[in-house]
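The values are calculated or read from the model by the stated rules, or taken from the named source; none is laboratory data. Quantities reported herein were computed from a predicted structural model and do not represent experimental measurements. Positions of Cβ are backbone-derived with ideal geometry, glycine not excepted, and every protein chain shown enters the neighbour counts.
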Amino acid sequence: MSDRRFALRRGETGYPRSLESTPDPPAVLYGIGDAEALEPGLAVVGARRATPYGLRCTRLFSAWAASAGVPVISGAAIGCDQEAHRAALDRGGPTIAVLGSGPDIDYPRRSAGVLRQIRHEHVVVSEYPFGTEPTRWTFVRRNRIIAGLARAVLIVEAGLPSGTFTTADAALDAGRDVLTIPGSIFSPESRGSNRLIRQGAIPVTDVSELALALGMDGTQAAHAERPPQDDAALRALTADPLRPDDLARALGIDIVSTARTLGALEARGLIARYPDGRYGIA
């Protein structure tokens, strides 16, 4: 891994131009992976205790961005952050992880697998030197880098209070648009998101709106939106809990693929198997 390590100093060749223009750019950006992959992208952040709705929205918009070649930038935390990275990786698109520790530290530990893949295929960065362990304040500080590397910041799901507000503030300080996905008025996890919209954040409800916010062709985005198989399964199970064979018929796929999809969704905590053998939203 040592041959993929780098340190980019402000003012030197390779240092991201997007960070240079922010109010408080890091003096040095340490990283592991492809330094040339540090292109302006879409920051996707949200709740650590994400709901199934939040995870579905994260996957939908992150997968589309990755498919369109827009780097998905997030912080590798549990919940929405990890889902954003996974969605990008599943689509084979670019993704950038920004850590509140050294770029070689797996934190949280549950992110180890995702971070290993990002380091190998894309890039992990931090303003903290290799070997630096995280603290509460280093996570707050890293949020300005997530915002600074981005063309826009998408807040998927946020309660009150929420650490995502520091990322939104950093985005505004850096002159970036803050995009927010509306949530249910009955969901505590959406109170922060809905408040951001009241305060002027741009609401996003489909990929066409996201494309327009990024200065891309919204019409093409609408035609390009094809939910992956797990999203199609989630949509079906949200409408009505189903047995595996009924779901297979609804999706038009074989039972083996259906079982694989159900297993993956259950492992991520998005669905649960009910006592009567049907699967539905957890």
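I'm checking my understanding of the structure. Among residues of the range 15-49 that are in a strand (DSSP E or B) and β-branched (Val, Ile, Thr), which one is farthest from Leu265 (Cα to Cα)? Outline the logic, then answer.
Of the residues in the range 15-49, the ones in a strand (DSSP E or B) are 28-33, 41-45.
Okay, now just the ones that are also β-branched (Val, Ile, Thr), so 28, 32, 44-45.
Values: Val28: 39, Ile32: 30, Val44: 21, Val45: 21 Å.
Ranking the candidates gives Val28 first.
Return the pair list, or none, for Cβ contacts closer than 6 Å from residues in the range 11-28 that are under 15 Å from Ala147 (Cβ atoms) to residues that are not in a helix (DSSP H, G or I), at least 6 apart or on different chains.
The qualifying pairs are Pro16/Leu38; Ser18/Pro40; Leu19/Pro25; Thr22/Ala174; Pro25/Arg10; Pro26/Glu127.
Quick check, is Asp245 assigned to a helix (DSSP H, G or I) and farther than 22 Å from Asp24 by Cβ?
Working: assigned to a helix (DSSP H, G or I): yes; farther than 22 Å from Asp24 by Cβ: yes.
Yes; evaluated as a whole, the condition is true for this residue.
What number of residues within the range 244-272 satisfy the criterion of being within 30 Å of Arg48 (Cα to Cα) and not polar (S, T, N, Q)?
We begin by selecting, within the range 244-272, every residue within 30 Å of Arg48 (Cα to Cα); these are 244, 247, 257-272.
Those still in the list that are not polar (S, T, N, Q) too: 244, 247, 259-260, 262-272.
Going through the range 244-272 one residue at a time, the tally reaches 15.
Would you mind finding the one in Ser208, Ser193, Ser126, Ser184 that is in the same structural domain as Ala65 (by TED's automatic domain parsing), hydroxyl-bearing (Ser, Thr, Tyr), touching a Pro at 6+ places or on another chain (Cβ under 9 Å) and farther than 22 Å from Gly102 by Cβ?
Details: Ser208 fails: touching a Pro at 6+ places or on another chain (Cβ under 9 Å); Ser126 fails: farther than 22 Å from Gly102 by Cβ; Ser184 fails: touching a Pro at 6+ places or on another chain (Cβ under 9 Å).
Being in the same structural domain as Ala65 (by TED's automatic domain parsing), hydroxyl-bearing (Ser, Thr, Tyr), touching a Pro at 6+ places or on another chain (Cβ under 9 Å) and farther than 22 Å from Gly102 by Cβ holds for just one of Ser208, Ser193, Ser126, Ser184, which is Ser193.
Sort through Val153, Val140, Val123 and tell me the only one that's among the β-branched types (Val, Ile, Thr) and at pLDDT below 95. Give the steps one after another, and end with the answer.
Numbers: Val153 fails: at pLDDT below 95; Val123 fails: at pLDDT below 95.
It is Val140.
Only one residue in Gly14, Gly54 is in contact with a helix residue (DSSP H, G or I) (Cβ under 8 Å, 6 or more places away or on another chain) and at positive phi. Which one?
So the residue among Gly14, Gly54 that is in contact with a helix residue (DSSP H, G or I) (Cβ under 8 Å, 6 or more places away or on another chain) and at positive phi is Gly14.
For Ile197, are the conditions met, namely being assigned to a loop (DSSP other than H, G, I, E, B) and β-branched (Val, Ile, Thr)?
Working: assigned to a loop (DSSP other than H, G, I, E, B): no; β-branched (Val, Ile, Thr): yes.
It is false that Ile197 is assigned to a loop (DSSP other than H, G, I, E, B) and β-branched (Val, Ile, Thr).
State whether one or more residues within the range 50-58 are under 20 Å from Met216 (Cβ atoms) and part of a loop (DSSP other than H, G, I, E, B).
Of the residues in the range 50-58, the ones under 20 Å from Met216 (Cβ atoms) are 57-58.
In the following step, the residues that additionally are part of a loop (DSSP other than H, G, I, E, B) were identified as none.
No - not one qualifying residue is present in the range 50-58.
Tell me, which residue of the range 250-266 that is of a type in the set (A, V, I, L, M, F, W, C) and under 11 Å from Asp230 (Cβ atoms) is surrounded by the fewest Cβ atoms within 10 Å (Cβ to Cβ)?
Residues of the range 250-266 that are of a type in the set (A, V, I, L, M, F, W, C), as a first pass: 250-251, 253, 255-256, 259, 262, 264-265.
Among the residues that remain, those that are also under 11 Å from Asp230 (Cβ atoms) are: 251, 262, 264-265.
Working: Leu251: 17, Leu262: 20, Ala264: 14, Leu265: 22.
Applying the filter and picking the extreme gives Ala264.
Go through Ala147, Ala63, Ala87, Ala152 for me and flag whichever is small (Gly, Ala, Ser), in contact (Cβ under 8 Å) with a residue 12 or more places away in the chain and part of a strand (DSSP E or B). First the steps, then the outcome.
Values: Ala147 fails: part of a strand (DSSP E or B); Ala63 fails: part of a strand (DSSP E or B); Ala87 fails: part of a strand (DSSP E or B).
One residue alone meets the criteria, Ala152.
Going through Ser111, Ser162 one at a time, which residue ends up being modelled with pLDDT under 95, assigned to a helix (DSSP H, G or I) and touching a helix residue (DSSP H, G or I) at 6+ places or on another chain (Cβ under 8 Å)? I'd like the intermediate steps shown before the answer.
Working: Ser162 fails: assigned to a helix (DSSP H, G or I).
None of the other options fit; the residue is Ser111.
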